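Worksheet: one structure, shown below.
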């Protein structure tokens, strides 16, 4: 098991393949296993690094709240630990926010950037979804955005039941539920901390980068599903408009988890972009 000590946390990571470094940053509540449909394809062309963010999987799970700045520093520390000066970076959902912060604060470390189903800051729809979800767990959100919920009353399966319909299309859930449950059960064996997950929620809800996106100079692909119910596709329109020369791709019928549902479409779009960015 590969562990990098980064500041006060330990980050679990995996490496696959050889070539130019390609760093994969996963989203909220998911660990590196969620890249299972990308790693085999990507590793044919790149040295792929996938890791568990703080709060999930085999990485440390300190008490929250976290910030995207903090998680970007974790990511930078991992690159340093692996002696990687510059990498292609792919971030999904929360991972896309971490990737934004990484390139904004350390532009010299990012060769090319892929931002998938993510946003530059939460809009009113996202805030309403957050509030509704918290209320479903019997909690509340205060005026400053703080989340108040009885952690003892929560359990991972309840969390999963609330999350899945927002991440995947219903037809996919019905078809692939055993596989989804297998992956989730695998994550449980490493310890699932609802306190840490709420720490990640705090991070995504305080992320704000819209007014800084113009400073991103790395070649950038913005990709989303046009049926994403968790992160409105309009957020990708903003990213593509504000990041100079960004390329925008929308997957017809794609959910928030379209890299899971239609992995070949996602993989091909990313690999085609990275090839053109390296030309």
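The values are calculated or read from the model by the stated rules, or taken from the named source; none is laboratory data. Please read these numbers as outputs of a predicted model, since none were measured by experiment. Note that each Cβ is placed from the backbone with ideal geometry, even for glycine, and that neighbours are counted across all protein chains shown.
Observations, loosely collected:
- The listed residues are 214, 207, and the only one of them that is touching a helix residue (DSSP H, G or I) at 6+ places or on another chain (Cβ under 7 Å), more than 14 Å from residue 116 (Cα to Cα) and not in a helix (DSSP H, G or I) turns out to be 207.
- Applying the criterion of being without any contact (Cβ under 8 Å) to a residue 60 or more places away in the chain and in contact with a helix residue (DSSP H, G or I) (Cβ under 7 Å, 6 or more places away or on another chain) to the residues of region 18-51, the residue that is surrounded by the most Cβ atoms within 10 Å (Cβ to Cβ) is 51.
- Checking 140, 171 one by one, the residue that is surrounded by fewer than 14 Cβ atoms within 10 Å (Cβ to Cβ) and at pLDDT below 75 is 140 and no other.
- Flag if residue 195 is at pLDDT below 95, loosely packed, with under 14 Cβ neighbours inside 10 Å and either in contact with a strand residue (DSSP E or B) (Cβ under 9 Å, 6 or more places away or on another chain) or not in a loop (DSSP other than H, G, I, E, B) (or both): no
- Index of the failed condition, residue 154 passing every other in (1) modelled with pLDDT of 65 or more; (2) in contact with a helix residue (DSSP H, G or I) (Cβ under 7 Å, 6 or more places away or on another chain): (1)
- Residue within region 223-234 that is touching a helix residue (DSSP H, G or I) at 6+ places or on another chain (Cβ under 9 Å), in a helix (DSSP H, G or I) and under 22 Å from residue 87 (Cα atoms) present: no
- Set 93, 60, 2: member being free of Cβ contacts under 8 Å to residues at least 24 places away in the same chain and in contact with a strand residue (DSSP E or B) (Cβ under 8 Å, 6 or more places away or on another chain): 2
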